[in-house]
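Structure, as structure tokens:
Values quoted throughout were computed directly from the atomic coordinates according to the rules given, and no laboratory measurement underlies them. Keep in mind that this is a model prediction, so the values were computed, not measured. FYI the Cβ positions are ideal-geometry reconstructions off the backbone, even for glycines, and counts take in every protein chain you see.
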Amino acid sequence: MSWSEILSSHMQANTRLSPEDAIILYNDAPLHSLRTAANKRRKQINGNQEVTYLIDRNINYTNVCTINCQFCSFYRPPGHEETYTQTVEQISARIDELEEIGGVRILMQGGVNPELGIDYYTDLIHELRNRHPTIDLDCFSPIEIEGIADVTGLTTLQVLEHLQKAGMHGLPGGGAEMLVDNIRKDVSPKKGSPDNWLRVMSEAQSLGMTTSATNVFGFGESNADRVEHMRRIRDLQDESIAKFGNGFTSFIAWPVQLENNTYGKRNRGRNRFELGAGPSEYLRHVAISRLFFDNIEHIQASWPTMGLSVAQMALLGGADDAGSTMMEENVVSASGTEKMSASENELQDAIVRAGFVPRRRNSRYELLDTPEPNTKLERLVAPPPAQF
Ligand code: SF4
């Protein structure tokens, strides 16, 4: 079938998009048609009115790492003079600042640090839970959980059980990048396999933890690889919902950031236009993801990598969430992205100017009381007519 027949039949019958059809849409459909369809689907799933956002803080507790991903400028190997590992006091002081602005969640990630035993993690979480009882603790991506398991001799499930008992709520979706073996082997050969990332997430979901799924793209992979990444997440989501009644809250994609890092040094000569992705390709990816994920409720726009104005376009082409304030971030920003925090006012302003009502949420996407936005603008009432 042609792209237009696939899109028409998918939208009319509301059927699941097969990977084969998604690849045809990715390759051939005009961006406007994809965005119109994704916007319609987003309104069916999330309603016409609201776009959510989260007040949170990213905390990168250690930059010691042995994994050496080619796109990463944040990590330092063990013994390097610029390594750091933060104490409970330092991290708690950052959460005090978050609480002062009404924050509800920390997203704490770091390197795979072989010098830290399980006690560092459980004592840290236990202490933060006691000092900050209302803050959701979403901490340690699957590769860090694998690293703790390696150091301690525990299984990854046992590590998760220890952390949950200490007070941890969920896992960030970090480290998924591309869940396709040959791409992953090229960009981060020492990182766990796609199977391992999915297994750790499944274990977290089996314990009732909050999880999200991410996707960094633009490593020179094909559109079929991008759809394969989505397929693996969609399949796990089916399985986790059936088995545990719990799955990924959301899908968040962004193009790899290349400016300052070693991988960026490969972005020269004939590769110059092949790595990373610009706004139009990003918006295509967001639209495809909204159409593909019939079992993940929320699609997040990535303002830190694309800027607030492209994020606004994403909100009109499939995304229903504007992400979070972040307050600080050191991993992606080390690769050259400059703006890595936004005030609540900035996020609200971007949402209102895109035609939606901003709503605060927590990490489980439960809606919270929301201050009235400063920006006053008449909202879009009717979506644009579907054309494909
Ligand atoms: S992306 Fe994460 S796992 Fe990879 S080198 Fe950087 S800190 Fe380590």
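Results, tabulated for the structure shown:
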item: Acute angle (nearest 10 degrees) that the helix 3-13 long axis makes with the longest principal axis of the chain, alpha-carbon atoms; result: 80
item: Convex hull per residue volume in Å³, alpha carbons only, for the range 3-361; result: 127
item: Gained length - residue 195 relative to residue 2, 0.36 nm times residue gap less alpha-carbon distance; result: 66.2 nm
item: Amide H within-cut-off set for residue 50, under 5 Å, with H built and near neighbours excluded; result: 357
item: Estimated vicinal HN-Hα couplings, Hz - the range 310-327 in sequence order (Karplus 6.51, -1.76, 1.60; Gly, Pro = x); result: 5, 4, 4, 4, 4, 5, 9, x, x, 7, 10, 9, 9, x, 9, 6, 6, 6
item: The chain: Cys lacking any partner C-beta under 4.7 angstrom; result: 65, 139
item: Beta bridges per DSSP with both ends in the chain, % antiparallel, nearest 5; result: 5
item: Among 210, 122, 375: highest mean-square fluctuation, GNM of the chain, C-alpha pairs under 10 Å; result: 375
item: Virtual paramagnetic centre 7 Å along Cα→Cβ of residue 375, amide N under 15 Å, in the range 279-313; result: 301-304, 307-313
item: In sequence order, calculated HN-Hα J values of the range 247-252 (Karplus, 6.51, -1.76, 1.60; Hz; x Gly/Pro); result: x, 5, 6, 7, 10, 10
item: Between helix 156-166 and the chain: long-axis angle, C-alpha atoms, 0 to 90°, nearest 10; result: 80
item: Burial ordering of 217, 244, 292, fewest other beta-carbon atoms within 10 Å first; result: 244, 217, 292
item: Other-chain or far-sequence residues with amide H under 5 Å of residue 108's (modelled H); result: 59, 138, 139, 140
item: Alpha-carbon centroid distance for the pair the range 206-228 / the range 3-21, whole angstrom; result: 21
item: Degrees, to the nearest 10: 194-206 long Cα axis against longest axis of the chain; result: 80
item: Phi to ³J(HN,Hα) by Karplus 6.51 cos²θ - 1.76 cosθ + 1.60 over the range 71-88, Hz, x for Gly, Pro; result: 8, 9, 10, 7, 6, 10, x, x, x, 5, 5, 9, 6, 8, 9, 7, 8, 4
item: Cross-link pairs beyond the 30 Å C-alpha cut-off, checked among 40/165; 191/243; 43/190; 165/191; 43/243; result: 40/165; 43/190
